[in-house]
Amino acid sequence: MRRLHFDLHNGTGFTADEEGRELSNDDDPRAFAIRSIRSILSEEIMNGVIDLTGWIDIRSESGAQFGRVSFSEAVCLRLGP
Amino acid sequence: MIEAHLAKLKFRHSLTGAEEEAVRAIIPPVRRVARAMTVVHEGARLEASTLLLEGFMCRLKDLAGGKRQITQIHVAGDFVDLHGFTLKRLEHDVMTVTDCTIALVPHEHIRQLIEQWPRLGRLYWFSTNLDASMNREWELSLGQRSAVERLAALFCELHVRLQVVGGASESFNLGMSQSQLAESLGMTAVHVNRTLRLLRDRGLLRYRRGEVEILDLDGLKAVADFDDRYLYLNADPL
């Protein structure tokens with residue numbers, strides 16, 4: 001198990017992940033971030049907003065950066081012909 | 001130790017001295033259980049029901065692939081799996097959220113109690129009906145409330161339920177991680193974190209590592225459109 005922090009930057013501002021998430025070594029942190037982004041987007045779209053300008057920074061407890069997942073990576077947006 | 005349970009019973013219905021003694025008589029010695037322990041396993045044959053006397057517990061169901069839904073949070077005084085008295089095997093697990101004090105009440109004691117004291121049988125029937133009412137409210141939240149409304153409703157409900165058993169306070173240690181809140185509310189932990197931040201920014205609630213601090217109860221109720229009628233605080237006599 002490892003504890004990773006998923007700091008969120010989006011249209012509502014910055015939300016630091018102070019608590020962190022326990023992930024097993026088999027869990028993919030990027031997949032976890034993508035699920036999280038989709039959860040947030042699914043609610044925002046109910047208010048008529050699709051804001052893909054946000055991102056999640058993934059870091060370890062020691063502060064080492066694991067990467068960044070942008071909101072636009074979490075969905076496939078089709079706007080028609 | 002049993003006071004929280006008696007307080008829950010007596011908040012809604014009077015108990016005679018003899019009825020109270022009859023309830024006390026079926027409670028075996030209490031035991032301590034550490035946090036995050038499964039007390040009732042799905043499908044296991046049950047011969048006793050779990051009375052929670054201190055701490056928080058939850059009911060939960062798991063799906064393949066690691067997905068989990070927490071379907072109820074229990075506070076001190078709750079007969080967590082009284083429905084196990086008739087069902088005998090549950091389709092869900094029961095686990096501790098925090099360190100807990102519990103009593104495992106043998107089903108045979110419950111059977112004798114409700115046969116000798118039919119009115120107590122009706123009160124415990126009421127108790128399982130109340131659980132069902134809270135589950136319906138849970139469904140309402142999951143199906144219709146937004147994330148911020150869902151969180152607000154949960155904390156409003158817990159505040160009332162703690163008040164009923166004498167643990168009323170604007171601050172309490174729920175002991176749940178944000179991941180467990182997420183499993184309760186059909187969200188992800190990151191989404192929960194963001195939503196808690198919105199509640200904090202609005203001056204309604206602080207949540208830090210399981211510690212709940214309600215800053216503005218009326219404001220929280222307004223956000224959730226919280227109506228406590230489903231908790232039957234003014235129950236008719238039985």
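Among the residues of region A:68-80, is there at least one that is in a strand (DSSP E or B), at pLDDT 95 or above and over 23 Å from B:E183 (Cα atoms)? Taking every residue of region A:68-80 in turn, at least one turns out to be in a strand (DSSP E or B), at pLDDT 95 or above and over 23 Å from B:E183 (Cα atoms). Taking region B:1-79 and the strands (runs of 3 or more DSSP E) fully enclosed by it, the elements with 2 or more residues that are surrounded by 17 or more Cβ atoms within 10 Å (Cβ to Cβ), touching an Asp or Glu at 6+ places or on another chain (Cβ under 9 Å) and among the β-branched types (V, I, T) are at B:38-40, B:68-74. Scanning region A:24-58 for residues that are closer than 14 Å to A:L4 by Cα and surrounded by fewer than 18 Cβ atoms within 10 Å (Cβ to Cβ) returns A:S24, A:N25, A:D26, A:D27, A:D28, A:R30, A:A31. The residues of region A:1-50 that are touching a strand residue (DSSP E or B) at 6+ places or on another chain (Cβ under 6 Å), in a loop (DSSP other than H, G, I, E, B) and at the interface with another protein chain (Cβ under 8 Å from one of its Cβ atoms) amount to a single one, A:D17. With respect to the conditions (1) more than 10 Å from every other protein chain (Cβ to nearest Cβ); (2) in contact with a Phe, Trp or Tyr (Cβ under 9 Å, 6 or more places away or on another chain); (3) β-branched (V, I, T), A:I56 falls short on a single one, namely (1).
Screening B:A103 on (1) aliphatic (A, V, I, L, M); (2) within 15 Å of the chain's Cα centre (by Cα); (3) within 22 Å of B:F172 (Cβ to Cβ) shows it passes everything except condition (2). Each residue in region B:178-195 was checked for being within 21 Å of the chain's Cα centre (by Cα), assigned to a helix (DSSP H, G or I) and touching a residue at least 40 places away in the same chain (Cβ under 8 Å), and 5 of them qualify.
So, B:R111, is that one over 23 Å from B:D62 (Cα atoms), of a type in the set (K, R) and in contact (Cβ under 8 Å) with a residue 40 or more places away in the chain or not? No.
In this structure, B:F56 does satisfy being under 24 Å from B:S179 (Cα atoms), aromatic (F, W, Y) and not assigned by TED's automatic domain parsing to the domain that holds B:C156. Within region B:150-177, the residues that satisfy the criterion of being free of Cβ contacts under 8 Å to residues at least 60 places away in the same chain and small (G, A, S) are B:A168, B:S169, B:S171, B:S177. Scanning region B:36-72 for residues that are touching a residue at least 60 places away in the same chain (Cβ under 8 Å), out of contact with any Pro (no Cβ under 9 Å at 6 or more places or on another chain) and farther than 20 Å from B:L185 by Cβ yields a count of 3.
Quick check on region B:150-162. Is at least one of its residues among the β-branched types (V, I, T), in contact with a Gly (Cβ under 9 Å, 6 or more places away or on another chain) and closer than 29 Å to B:L9 by Cα? No: region B:150-162 contains no residue that is among the β-branched types (V, I, T), in contact with a Gly (Cβ under 9 Å, 6 or more places away or on another chain) and closer than 29 Å to B:L9 by Cα.
Among residues of region B:196-235 being β-branched (V, I, T) and part of a strand (DSSP E or B), the one that is nearest to the other protein chains (Cβ to nearest Cβ) is B:V212.
The values are calculated or read from the model by the stated rules, or taken from the named source; none is laboratory data. Computed from a predicted structure; not experimentally measured. Backbone-built Cβ (ideal geometry, glycine too); neighbour counts: all protein chains shown.
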